Amino acid sequence: MNTTTSTMQEQHHQFITRQASARELTTAALERIAVTEPKVKAYLTVCDAAALEQADRLDRQLAAGEPLGPLAGVPVALKDNMCTDGILTTCASKMLADFVPPYDATVTTQLQAAGAVIVGKTNLDEFAMGSTTENSAYQVTANPWDLTRVPGGSSGGSAAAVAAGTVSLALGSDTGGSIRQPAAFCGVVGLKPTYGLVSRYGLIAFASSLDQIGPMTKNVKDCALALDVLAGHDRRDASSLQYAPTASYTAGLEAPLTGMKAAFPKEYRQEGIDPEIRRVMEETAATLESLGMVIEEVSLPYSDAGLSAYYLISSAEASSNLARFDGIRYGYRPETFENLEELMLKTRSEAFGSEVKRRIMLGTYALSSGYYDAYYHRAQLLRNQIREQFTGIFSTYDLVLGPVTPALPYVQGEKTDNPLEMYLGDIFTVDVNLAGLPALSLPGGFSKSGLPVGVQFIGGHLQESKLLHVAYQLEQTLGLDLTSPVAKEVLK
Ligand code: GLN
């Protein structure tokens, strides 16, 4: 049995129709991990024993005729900033090198209740700060389409895990693009839900007003099915929306697109964007028009300001969230220290990587009295303008069409010496988080060199269904072969 290319839906179907046991599906995933990991390095922890135990439990449930969840039998992976009871959760930081959470994140509970089998925890940029996964304290993950390139970040491990064919569903978190950008770089589907739709309880916080967990999958239908499991109110997350979807996110995927209207901002078509990405964008617009959608050019005048507002606000929140790592309560502790001050100083100097320190310093500066009004307050005002700008657009249009990134996947090391250049790559994703909106990244085509190119659909508040609908129709029309070279190797 080779399940390298099979989707979440297919694996679940194989299980409930008894074509494959949960143990077989899990063993196959673990074998694929063993084969691909030496090259891809997507996982920080592989939990063989716990996964097989969970698989056996599911096999017993099926045999006993007990009710089974919608993901029963499906091996899945979680970004290593989501808490898993009894399983190491490092945030790819030296700070949490031996942190074994005593509780599960809500998403972990939801996946397990749905019958998914957690096979591993995936690599990320330390504390989710970065766009290439190169800021991990442990390893550099490679892009399964070209091993010399980055998988994107910060959920690069999750994207690479799906693209390498090891799992059909991995969760990522997106604070400023960290689900959508690696999805685009690795040729998978990634959804950043509306802020508050998926619980953040047990997600180790980077910037609490922006962070959101979402699914990364091989196709749109799986993404919709995964969202069915994850969406909904959680009383343990104070920012969780009082909202419960009334129908499955798969309902309505098959309907024609006739009459739907998309806005294509002129700021998303400018020079500066890689010509190959511009070509795929123009082709996408033409395909959507041929499917009956109306596409019109609009302007997003504040889109330039989003990046500065994002880096100020996210760093300010990070400086506050990361203050808890002081060597006293949990996490890294230096071997020797003279007094309390030295304990904190040494803990934070030794255990945080340089990007995390850069953000803490930037954030602390922006929040300090004397600078607060000039930086943090102004960034918040810009955030409001960006939100209003989108509200205006969604009063006329169903969604906004745009690129995910201005560039193709970088070669490893290409951006590491220049943080500002790295930040510029987030230009098309951060506004969505500032406005709290849902957005989906779909593989839209390939560069001449065979690298995947993502396209982005941004929707109004809680309009995930519309994004999934349009993405599904486009995906069906394009019919791209998204099997990466690494996954093809495994198939041989
Ligand atoms: N690349 C962005 C940053 O470094 C976004 C990260 C994220 O979404 N977690 O802040």
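The values are calculated or read from the model by the stated rules, or taken from the named source; none is laboratory data. The shown structure was predicted, so the numbers you read here are calculated from the model rather than taken from an experiment. Every residue, glycine among them, receives a Cβ derived from its backbone with ideal geometry; neighbour counts consider all protein chains shown.
What's the total number of residues in segment 114-167 that are within 17 Å of Pro409 (Cα to Cα), within 15 Å of the ligand (Cβ to nearest atom) and in a strand (DSSP E or B)? Final tally of qualifying residues: 0.
Need a quick list: strands (runs of 3 or more DSSP E) entirely within segment 382-478 having at least 3 residues that are touching a Pro at 6+ places or on another chain (Cβ under 7 Å).
Details: elements: 399-403, 439-446, 452-459.
Passing ranges, in order: 452-459.
Matching residues to (1) buried (at least 16 other Cβ atoms within 10 Å of the Cβ); (2) more than 19 Å from Asp211 (Cα to Cα):
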| site | (1), (2) |
| --- | --- |
| Leu312 | yes, no |
| Thr347 | yes, yes |
| Ala351 | yes, yes |
| Ser368 | no, yes |
| Ser395 | no, yes |
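Restricting the search to segment 433-456, which residues are surrounded by 24 or more Cβ atoms within 10 Å (Cβ to Cβ) and of a type in the set (Ser, Thr, Tyr)? Residue satisfying the conditions is Ser441 alone.
Search segment 412-436 for residues being away from the ligand (no atom under 14 Å from the Cβ) and not small (Gly, Ala, Ser), and hand back the single one that is farthest from the chain's Cα centre (by Cα). Looking at the filtered set, the residue picked out is Asp417.
Evaluate segment 398-417: report whether one residue or more is among the acidic types (Asp, Glu) and crowded, with 18+ Cβ neighbours inside 10 Å. Can you show your working first?
First, pick out the residues of segment 398-417 that are among the acidic types (Asp, Glu): 398, 414, 417.
Next, from what is left, pick out any that are crowded, with 18+ Cβ neighbours inside 10 Å: 398.
Within segment 398-417, one or more residues are among the acidic types (Asp, Glu) and crowded, with 18+ Cβ neighbours inside 10 Å.
Residues of segment 146-165 that are farther than 24 Å from Tyr423 by Cβ and touching a Ser or Thr at 6+ places or on another chain (Cβ under 7 Å): Ala161, Val162, Ala163, Ala164, Gly165. Screening segment 392-421 for residues that are in contact with a helix residue (DSSP H, G or I) (Cβ under 9 Å, 6 or more places away or on another chain) and of a type in the set (A, V, I, L, M, F, W, C) and picking the one that is nearest to Pro144 (Cα to Cα) gives Leu408. Of the residues examined, Phe337 is one that is surrounded by 14 or more Cβ atoms within 10 Å (Cβ to Cβ) and in a loop (DSSP other than H, G, I, E, B).
Here is a yes/no grid of residues against (1) at pLDDT below 95; (2) under 29 Å from Arg235 (Cα atoms); (3) out of contact with any helix residue (DSSP H, G or I) (no Cβ under 6 Å at 6 or more places or on another chain):
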{"position": "Ala20", "(1), (2), (3)": "no, no, no"}
{"position": "Ala34", "(1), (2), (3)": "no, no, yes"}
{"position": "Ala51", "(1), (2), (3)": "no, yes, no"}
{"position": "Leu62", "(1), (2), (3)": "no, no, yes"}
{"position": "Pro101", "(1), (2), (3)": "no, yes, yes"}
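Thr284 meets the conditions (1) surrounded by fewer than 23 Cβ atoms within 10 Å (Cβ to Cβ); (2) modelled with pLDDT of 95 or more; (3) of a type in the set (Val, Ile, Thr) in every case but one. The failed one is (1). Of all residue pairs spaced 6 or more apart or on separate chains, those with beta-carbon atoms under 7 Å, a first member in segment 293-317 that is over 18 Å from Tyr375 (Cα atoms) and a second member that is assigned to a loop (DSSP other than H, G, I, E, B) are Met293/Leu257; Met293/Met260.
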